[in-house]
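Asker: This is the structure, below, for whatever I ask next.
Here, each number is a calculation from the coordinates, and none is a lab measurement. Predicted, not measured: the structure shown is a model, and the values here were computed from it. Glycine gets a Cβ as well: all are built from the backbone with ideal geometry, and neighbour counts include every protein chain shown.
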Amino acid sequence: MAVTIAENVAVIRERIVAACKRSQRSPGDVQLMAVSKTKPVEMIRGAYEAGITVFGENYVQEFADKLPVISGLRIEWHLIGHLQSNKAALAAELFDALDVIDSLKLAERLNRAALDLGKMLDVLLEINIGGEESKSGIAPGSPELNELLRGFDRLQALQLRGLMCIPLITENPDDSRPYFRRLRELRDELAALHLPRVELDELSMGMTHDFEIAIEEGSTCVRVGTGIFGEREPR
Ligand SMILES: *Cc1c(COP(=O)(O)O)cnc(C)c1O
């Protein structure tokens, strides 16, 4: 199993390098995040031994169950699944970064929890870049997004790092391209506002089926699950 995971990681890395070359980017500017939801800790260890240090998990409780077994590994843990406000305190405690902020209310809860823990949390805003078709995230151009961005000035325990999106999966990976492009353009527009404590260097976009397209459109973090760990059982 570990051998297969190491081979999978090597193949994904080669594809990242090739996509960077096509788009005149440096492979060092694209982080490979292993998405380990539903997968056992032995597989996480396998990917870690293959050199991956950034992991994404979707479910707070599932992660709480796994973490004690692997807390000794030097891993940066990101929450990439929808976060309910009532799990915010636990998420703030367990994760290093929360990539799914979609309301000021949630950001305020996380900020309070992080202050209590004496901890800084990196966060990304999840943008609903595909409009009504996708389920979660904040709409570009909405008053909520504006309010949230301006709120960071007083959310002292949160450091905003960038944006993320999850376009609908379609048959043709190239269908994701306009969404990825739009996320990057949105980032550029928002960065030009120079709001206090708003850093938008990171663009988390691209999954197993479309990460190469995402890299061509400026992704700085690709979130790969199936391509590393194999298919998931339905939960
Ligand atoms: C599950 C998941 C991924 C990984 O998906 P794969 O298609 O298995 O690579 C990436 N991002 C998010 C937000 C996910 O929920």
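Asker: Quickly work out the GLU93-to-GLU49 label distance, labels modelled 7 Å from Cα along the C-beta direction, and quote it in nm with one decimal.
Answerer: Placing both labels 7 Å beyond Cα along the Cβ direction yields 3.1 nm.
Asker: Please compute, for the alpha-carbon atoms of region 89-133, the extent along each of the three principal axes and give them in descending order in Å.
Answerer: Cα spread of region 89-133 along its principal axes, largest to smallest: 37, 18, 14 Å.
Asker: Check the chain and count each lysine pair with an alpha-carbon distance under 22 angstrom, considering only pairs eight or more places apart or from different chains.
Answerer: 12
Asker: Kindly put CYS20, CYS165 in sequence by how many other C-beta atoms sit within 10 Å of each C-beta, fewest to most.
Answerer: Ordered from fewest to most neighbouring Cβ atoms within 10 Å, CYS20, CYS165 come out as CYS20, CYS165.
Asker: How long is region 106-235 along each principal axis, judged by its Cα atoms, biggest number first, in Å?
Answerer: 42, 32, 25
Asker: Dipole magnitude of region 141-225 about its Cα centre, charges +1 at Lys/Arg Cβ and -1 at Asp/Glu Cβ only, in debye to the nearest 20?
Answerer: Dipole of region 141-225, to the nearest 20 debye: 360 debye.
Asker: Name the long-range amide H neighbours of GLY162: under 5 Å, sequence gap of 5 or more, or other chain; modelled H, no Pro or chain starts.
Answerer: Excluding prolines and chain starts, which carry no amide H, the hits are LEU125, GLU202.
Asker: Jot down the radius of gyration and Dmax of the chain, Cα atoms only, both in angstrom.
Answerer: 17.1, 49
Asker: With a 10 Å Cβ neighbour count serving as the proxy for reagent exposure, in which order, fewest first, do SER136, SER36 appear?
Answerer: SER136, SER36
Asker: Amide H neighbours of VAL35 under 5 Å, counting only residues 5+ apart in sequence or on other chains, H built in-plane at 1.01 Å?
Answerer: Here GLY56, VAL224, GLY225 satisfy the definition.
Asker: Also, I was wondering about something else. With θ set to phi - 60°, apply the Karplus curve 6.51 cos²θ - 1.76 cosθ + 1.60 along region 218-223 and write out the HN-Hα couplings as whole Hz, x wherever there is a Gly or Pro.
Answerer: Karplus-based 3J(HN,Hα) across region 218-223 equals x, 4, 10, 8, 9, 9 Hz.
Asker: How large is ³J(HN,Hα), in whole Hz, for each residue of region 189-201 in order, when computed from phi with the Karplus curve 6.51 cos²θ - 1.76 cosθ + 1.60 and θ = phi - 60°, using x for Gly and Pro?
Answerer: 5, 5, 5, 5, 6, 6, 6, x, 6, 10, 10, 10, 6
Asker: When the Karplus curve 6.51 cos²θ - 1.76 cosθ + 1.60 is applied with θ = phi - 60°, which whole-Hz ³J(HN,Hα) does each residue of region 43-51 get, with x for Gly and Pro?
Answerer: Those phi angles translate into 6, 4, 4, x, 5, 5, 5, 7, x Hz.
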